[in-house]
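Colleague: The following block contains the structure, expressed as structure tokens.
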Amino acid sequence: MSRKDNNLNEENTENKNIMYEKNDMEENNNSKNNNIRNKGRNRKSDKAKNNKEKGNKNNGMDKTLLYTLICIFLSIVLVVMCFISYNLNKKSEDNKVAYTQLIKDISDNKIEKVEMTVGSTSIKIKYKDVEEKKNAIVPNTQAFVELIQKKVEEGNNIELIQNQKNTFVMIISGFISMLPTIIMAALIIMIFQMQGLGDKGKIYDPDVSKNKVTFDDVAGLKEEKAEMIEIVDFLKEPKKYSKMGARVPKGVLLCGKPGTGKTLIAKAIAGEANVPFISMSGSEFIEMFAGLGASRVRKLFDKARKIAPCIIFIDEIDAIGSRRQSNSGADTENNQTLNQLLVEMDGFDTDTSIIVIAATNRPEMLDEALLRPGRFDRTITIGMPDVKDREAILKIHSENKKFDSDVDLKSVAEDTAGFSGAELENILNEAAIYAANRKHSSISQRDLEDALKKVTVGLEKKDRVVSEKDKKLTAYHEAGHAVVSKFLPTQDTVKEISIIPRGVAGGYTMYKTNEDKFFVSKTEMEEKMVSLMGGRVAEKLALNDISTGASNDIEVAMKIARDMVTVYGMSEEVGPMSINLEKDPYQLQLLGNNIEDLIGKEVRKLLDQAYESAEKILMANMDKLDAVANVLLEKETIDADEFNKIFEEQQ
């Protein structure tokens, strides 16, 4: 049996790490209405531009399809030709006469007629008293003709006919001989077309795009948006800065966890400035052909210069911008691509009005030459949203959804500390799916709660057959977590306890996050381990046995203890030091031969103390542990009110 404990919201570094940013739109309704009116006035021109954009896209698809059909057709023709040629050759072999036999038959006056074609060594022979013609090949046509003339002079009655070449046959023969070369050329052209050879990068024109993104669509990120306003202002009024001798940053690097809104804010910059936005992924620069990445970089920037002012957005730039390694294998291609990117970025004229925005979630991997001023002048870190930003994100994503009047999005925002905008949008989408499946007219609070559980814990499995023994074990395990957490001041309030399996978990204890936390104290981490050990201790005390259900709890507690000793410097014996063996595998050698044993003892000490503390709490509150477990066995799920009521009754 496997369970998953969901009380890990204290450390943002251990929470889910995605963010998709959107801002509430109530503050800018007037500007948004103006944008809608402008779009209405330019509907005809937008439609024409849309058609042109679709036409260009269709042309590219049509070319690829055409090359594919040509290759297929030529392959079929080649196969048919080979089959026909094989059958003809086989038939010709049956009617073939050896040259020596032919000379003998001519001498014996058995040949009636010989047909030759100019420039060909193949001849057709008709024997006397035989209707079917035979074939033969003569090594020297001139000598053969002279032989026939000599035999005629000697009195043999042989008719010699010399035919001219057939034009159609000559064309077919030439085509067949050139067919392999044509097929190879077509395949090469098709491969180059499929590779794109630099013709990559989607262009989003704000005047054409139906889904124009502005800063109004980005919730939170107030400081980040303020930083970007300067770039937008430069793209709108470049002369204002050039007169003062100032230059806009040539490149802006957006750093953050996957899905934190890096692409969205880049699109918003292009939308606010009303300039084209060229989007390309770092992986699109690397293909099977050597030198293709550098070619694509050149063509990408050539395309940008033609439509300047514009923004180039390179997503996951670490795919091509990582530190240069040795010149062997794939590293050579990556180095060439990176070198070309460095040259293109540093070679911009100040009047070109081209800004490069790149996104990555691994900035430490990027080459130093790429990060220097003059290329990426600014590095902006996009963090996770706080409770106000999460509520704003939920409001934006809920605009096209119907909700009951009692739905509280603020409560959802409070329960989702550490969640990103993408996950918040996913919760609302799952809630809408629940409402549709349940045939509700609108999304209810229950739909939202169930969606939150599904996203955080997993899909509920009510039909799974669970034995009474496993149910009891799960009930005491989850009750142990909840009861221990109740007596720990730094731990969050219990929100719900359940023994219904979800995902890989046999049961779960859900906590209500009271606040966003950016720092975690030593006491809080120690009590966190105590809470995690509550499940294992409850099994031992109540059932005098232990199970594999605590494996995830022990794993998380082990990581906390190890980080306290080796990362955060919270051990008095080891001292205030940070050890990172991933970056430096030989770091421990600098600290002496016994440092590994000392670290192991300190980690073991923290885990043992947590286990003992959980044991003391539960031994002093066995009546409450039994009461919570019994209610769980009866109802399977307990909410916060029922849990607190049990404690009040046991006072």
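Colleague: Could you sort 140-146, 599-605 so that the peptide with the highest average Cβ count within 10 Å comes first and the rest follow in order? Write down the numbers at each step before the final one.
Modeller: Working: 140-146: 13.0, 599-605: 16.3.
Top to bottom by mean Cβ count within 10 Å: 599-605, 140-146.
Colleague: Please tell me the relative contact order of the range 413-546 in percent, rounded to the nearest whole number, where contacts are Cα pairs under 8 Å and at least six residues apart. Walk me through the intermediate numbers first.
Modeller: Details: 160 pairs, mean separation 35.1, N = 134.
Normalised by residue count, the contact order of the range 413-546 is 26 percent.
Colleague: Taking 60 Å as R0, compute the FRET efficiency from the Cβ-Cβ separation of N163 and A185 and round it to 0.05.
Modeller: Numbers: r = 34 Å, r/R0 = 0.57.
Step by step, r from the Cβ atoms, then E = 0.95.
Colleague: Would you please give the residues with an amide H less than 5 Å from that of K133, counting only those at least 5 places away or on a separate chain, with H modeled from the backbone geometry?
Modeller: Result for K133 returns nothing.
Colleague: Hey, can you rank 271-281, 236-246, 561-571, 107-117 by average C-beta count inside 10 Å, highest first?
Modeller: On the way: 271-281: 20.8, 236-246: 11.0, 561-571: 18.8, 107-117: 16.0.
In decreasing order of mean packing, 271-281, 236-246, 561-571, 107-117 become 271-281, 561-571, 107-117, 236-246.
Colleague: Okay, next question. Residue by residue through the range 70-80, which ³J(HN,Hα) values in whole Hz follow from phi under the Karplus form 6.51 cos²θ - 1.76 cosθ + 1.60 (θ = phi - 60°), with glycine and proline marked x?
Modeller: Taking θ as phi minus 60°, the curve returns 5, 5, 5, 4, 5, 5, 5, 4, 4, 5, 5 Hz for the range 70-80.
Colleague: Under 5 Å between amide hydrogens, which residues at least 5 positions from V218 or on another chain qualify, with H placed 1.01 Å from N in the peptide plane?
Modeller: Residues meeting the amide H criterion: N23.
Colleague: Now for a different question. Grab the Cα-Cα distance for K96 and M178, subtract it from 0.36 nm times how many residues apart they are, and report the gain in nm with one decimal.
Modeller: Details: separation 82, 0.36 × 82 = 29.52 nm, distance 2.76 nm.
Going from the current span to full extension adds 26.8 nm.
Colleague: First check a/c for the range 490-566, with a ≥ b ≥ c the square roots of the eigenvalues of its C-alpha gyration tensor; if it is under 1.5, answer rounded, and if not, answer prolate when a/b is larger than b/c or oblate otherwise.
Modeller: On the way: a/c = 1.93, a/b = 1.31, b/c = 1.48.
Oblate is the answer for the range 490-566, as a/c is 1.5 or above yet b/c matches or exceeds a/b.
Colleague: For the range 454-467, in order, what is each residue's ³J(HN,Hα) by Karplus, 6.51 cos²θ - 1.76 cosθ + 1.60 with θ = phi - 60°, in whole Hz (x at glycine and Pro)?
Modeller: My calculation for the range 454-467 gives 5, 6, 7, 9, x, 6, 5, 10, 6, 7, 5, 7, 10, 5 Hz in order.
Colleague: Given H placed on each backbone N at 1.01 Å, which residues far from F403 in sequence or on other chains put an amide H within less than 5 Å of it?
Modeller: Result for F403 returns I443.
Colleague: Another one. Residue separation times 0.36 nm, minus the C-alpha to C-alpha distance between D346 and K104: what's the value?
Modeller: Values: separation 242, 0.36 × 242 = 87.12 nm, distance 8.53 nm.
Contour length minus Cα-Cα distance gives 78.6 nm.
Colleague: Got a sec to turn the phi values of the range 599-605 into Karplus ³J(HN,Hα) couplings, 6.51 cos²θ - 1.76 cosθ + 1.60 with θ = phi - 60°, whole Hz, x for Gly and Pro?
Modeller: These are the phi-based 3J(HN,Hα) values: 5, x, 5, 5, 4, 4, 5 Hz.
Colleague: Given 0.36 nm per residue, what is the gain on full extension from K150 to R372 after removing their alpha carbon distance, in nm? Write out the running numbers ahead of the final one.
Modeller: On the way: separation 222, 0.36 × 222 = 79.92 nm, distance 9.32 nm.
Between K150 and R372, full extension yields 70.6 nm more.
Colleague: How would the range 213-323 be classified by its alpha-carbon gyration tensor: rounded, prolate or oblate, with rounded meaning a/c under 1.5 and the a/b versus b/c comparison settling the rest? Before the final figure, lay out the partial values.
Modeller: Details: a/c = 2.10, a/b = 1.35, b/c = 1.56.
Note, shape of the range 213-323 comes out oblate.
Colleague: Rounded if a/c is under 1.5, else prolate if a/b beats b/c, else oblate: with a ≥ b ≥ c from the C-alpha gyration tensor eigenvalues square-rooted, which is the range 380-465?
Modeller: Since a/c reaches 1.5 but b/c is at least a/b, the shape of the range 380-465 is classed as oblate.
Colleague: Treat each spin label as a single point 7 Å out from the Cα along the C-beta direction, and report the F518 to V79 distance in nm.
Modeller: With each label point 7 Å from Cα toward Cβ, the separation is 6.7 nm.
Any read-out appearing in this document is the output of simple, stated calculations on the displayed coordinates, not a laboratory observation. All of these numbers come straight from a predicted model, not from anything done at the bench. No Cβ is skipped: glycine too gets one built from the backbone with ideal geometry, and neighbour counts run over all protein chains shown.
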